[in-house]
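We did not get these values from a lab; they are worked out from the coordinates using the rules stated. No experiment lies behind these values; they were computed from the predicted model shown. When we count neighbours, we look across all protein chains shown, and the Cβ atoms used for this are built from the backbone with ideal geometry, even at glycine.
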Amino acid sequence: MTEFAFRPRFLFLTPLPADEVKLRMQQHLSAPGTNGFRLGGTGHHLILRYRQDLRHAWTPQLDLDLEERPKGTRARVLIGPSPSIWMLFMGGYLLCAVLALLGLSIAVSQQVVGADPWGWLLAAPTPIIAVVLWLVAQAGKLRSREEMHALKRFVDEALGCDCLALAGNP
């Protein structure tokens, strides 16, 4: 697994019960080289993050949902940006869509009645803004690649397997 997508998702099965997975993750926090991580979450939903002083805008986090099964535990993993940065991008794309629709509606209405169609000026920059947002997201993905791999290694070491490499993508 050398390349991660922007928000990679994994699904794997482990013979360990969910409480044992959680315990191993908590115990592995004291291992050498893992002092930059913090484990949070409630119940069988775990969130592995970097310490606050090590985070920046692109620092990813790992969400691990554990679901008890008769023969072990099904684990769903999502590695991605923090929810605040994710919502910032979604808000930016939503703003672009709203501006484009508003500008197009105004411009077409103005052309129909024979007025000066200044609405096109409102819609014109939206594709450029959307492309810039996408490029910034790609740059963030490149900057966070090593941190994503570190999160993956933490889970693999804590559970004693190459779980995410063997996982299927749901």
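Cut-off under 18 Å on the C-alpha distance; same-chain residues fewer than 8 positions from K22 excluded. Which aspartates and glutamates are left, in chain and number order?
Within the straight-line limit of under 18 Å, K22 reaches these aspartates and glutamates: D63, D65, E67, E68, D156, E157, D162.
For the chain, with only Lys/Arg (+1) and Asp/Glu (-1) charged at the beta-carbon, what is the dipole magnitude about the Cα centre, in debye rounded to 20?
180
For R38, which sequence-distant residues (separation of 5 or more, or a different chain) have an amide H within less than 5 Å of its own amide H, given hydrogens modelled in the peptide plane?
HN-HN under 5 Å from R38: R49, Y50, R51.
Hey, in the GNM for the chain with a 10 angstrom Cα cutoff, which one of P83, P17, P70 fluctuates hardest?
Among P83, P17, P70, the largest GNM mean-square fluctuation belongs to P70.
If each DSSP helix of 4+ residues adds -39,500 (n - 2.57) and the sum is divided by the residues in the chain, what number results at 222 nm, nearest 500 deg cm²/dmol?
Taking each H run of at least 4 residues, the total per residue is -16000 deg cm²/dmol.
Under 5 Å between amide hydrogens, which residues at least 5 positions from G80 or on another chain qualify, with H placed 1.01 Å from N in the peptide plane?
Residues meeting the amide H criterion: Q61, D63.
Which aspartates and glutamates, on any chain, are close to K141 with Cα under 12 Å apart, when same-chain ones fewer than 8 places away are left out?
Hits, sequence-local ones excluded: E3.
Roughly how tilted is helix 18-28, in degrees to the nearest 10 and between 0 and 90, from the longest Cα axis of the chain?
Roughly 90 degrees, rounded to the nearest 10.
Relative contact order of the chain, please, whole-number percent, based on alpha carbon pairs below 8 angstrom and at least 6 residues apart.
Normalised by residue count, the contact order of the chain is 28 percent.
Taking the Cα centre of the range 55-113 as origin and charging only Cβ (+1 Lys, Arg; -1 Asp, Glu), how large is the dipole, in debye to the nearest 20?
Roughly 160 debye, rounded to the nearest 20.
Would you work out if the range 55-115 is rounded, prolate or oblate? Take a ≥ b ≥ c from the square roots of the eigenvalues of the alpha-carbon gyration tensor; rounded if a/c is under 1.5, else prolate when a/b is larger than b/c, oblate otherwise.
oblate
Taking N as the number of residues in the chain, what is its Cα Rg relative to 2.2 N^0.38 Å?
For the chain, the normalised Cα radius of gyration is 1.40.
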